[in-house]
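Below is one structure, written out as structure tokens; the observations come after it.
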Amino acid sequence: MKVLLVNGSPHEKGCTFTALEEVAKTLNVEGIETEIFQIGTKPISGCIACKTCGKTGHCVFSDRVNEFLAIAGDADGFVFGSPVHYASAGGAITSFLDRAFYTDLQSGKQIFYLKPAAAVVSARRAGTTATFDQLNKYFTLSEMPVVSSRYWNMVHGHTPEDVKKDLEGLQIMRILGRNMAWFLKCKEAGIKAGVPFPEREERIATNFIR
Ligand SMILES: Cc1cc2nc3c(=O)[nH]c(=O)nc-3n(C[C@H](O)[C@H](O)[C@H](O)COP(=O)(O)O)c2cc1C
């Protein structure tokens, strides 16, 4: 089993990475494979609502979003990390997630369906819970079980060295990793035991104009 951890920070080895690394190390101890996917520093456009993805199955812009979507189908779980920028998720990871999740929705591929997910946020000081709420909304729209920890998944720091001193934050990351590993093993055991996936319903979309 494999968990894909997305670093939504422009800093490849920054504070968000330090938090994700702690989750990844714990997952590895639990026998779960991990990969940290960097969204990088190149510009990531927002969604232009062209809906091309509904026809082609990938985003009209060829960048890290499509590279992520190409490997996301093979992952069993996800952790999305973001630095706090102005009390919200960073602009690049917001655009990245809008396009990744919209492509999945429009294409009907359902690569996130019933796969566990967690958000991890990093701030110098404030805006963590607002950012955490923002990221969790992608999961709860996509039928992804949200894995939690003993607190809200945040670390504090302006540098990775600061984050390493945030002992509570790092413990939250380790507990998150163990909880995700446990959930993945339970899901696998359930499937092996023949527990069927939930019955699906056709989507009803009411747009509040009729
Ligand atoms: C544009 C920008 C906006 C920021 N806004 C906030 C903020 O609202 N609250 C906060 O505590 N830190 C804020 N920070 C600091 C970062 O959230 C913090 O240093 C974070 O841990 C950096 O993570 P990273 O190294 O993974 O990028 C901001 C940083 C930048 C670059």
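The values are calculated or read from the model by the stated rules, or taken from the named source; none is laboratory data. Quick caveat, the model's predicted, so the values are computed rather than measured. Heads up, the Cβs are rebuilt from the backbone with ideal geometry, glycines too, and the neighbour counts pull from every protein chain shown.
For region 28-55, the set of residues classified as touching a Ser or Thr at 6+ places or on another chain (Cβ under 8 Å), closer than 18 Å to Phe101 by Cα and not in a loop (DSSP other than H, G, I, E, B) consists of Cys53, Gly54, listed by residue number. Just one residue in the set Arg125, Arg174 is surrounded by 13 or more Cβ atoms within 10 Å (Cβ to Cβ) and on the phi < 0 side of the Ramachandran plot; that residue is Arg174. With the structure loaded, tell me whether Leu170 is over 25 Å from Gly108 (Cα atoms), at pLDDT 95 or above and touching a strand residue (DSSP E or B) at 6+ places or on another chain (Cβ under 9 Å) or whether it fails that test. Yes.
Every residue in region 61-75 that is surrounded by fewer than 17 Cβ atoms within 10 Å (Cβ to Cβ) and either charged (D, E, K, R) or over 16 Å from Phe112 (Cα atoms) (or both), please. Answer for region 61-75, where residues must be surrounded by fewer than 17 Cβ atoms within 10 Å (Cβ to Cβ) and either charged (D, E, K, R) or over 16 Å from Phe112 (Cα atoms) (or both): Ser62, Glu67, Asp74. Looking at Gly14, is it modelled with pLDDT of 95 or more, over 17 Å from the mean Cα position of the chain (by Cα) and crowded, with 17+ Cβ neighbours inside 10 Å? Yes.
The residues in region 170-205 that are among the acidic types (Asp, Glu) and part of a helix (DSSP H, G or I) can be counted, and the count is 1. For region 136-154, filtered to residues that are among the hydroxyl-bearing types (Ser, Thr, Tyr) and either in contact with a helix residue (DSSP H, G or I) (Cβ under 9 Å, 6 or more places away or on another chain) or modelled with pLDDT under 95 (or both), the residue that is farthest from Lys187 (Cα to Cα) is Tyr151. Contact map, region 1-27: residues that are under 13 Å from Lys164 (Cβ atoms) and free of Cβ contacts under 8 Å to residues at least 60 places away in the same chain paired with residues that are small (Gly, Ala, Ser) and within 13 Å of the ligand (Cβ to nearest atom), Cβ distance under 9 Å, separation 6+ or inter-chain. No pairs are found.
Taking the criterion of being more than 14 Å from Met173 (Cα to Cα), within 16 Å of the ligand (Cβ to nearest atom) and not small (Gly, Ala, Ser), the residues of region 8-56 that qualify are Pro10, His11, Glu12, Lys13, Ile36, Phe37, Gln38, Ile39, Thr41, Lys42, Pro43, Ile44.
Taking the criterion of being of a type in the set (A, V, I, L, M, F, W, C) and in contact with a Leu (Cβ under 6 Å, 6 or more places away or on another chain), the only residue of region 176-210 that qualifies is Ala181.
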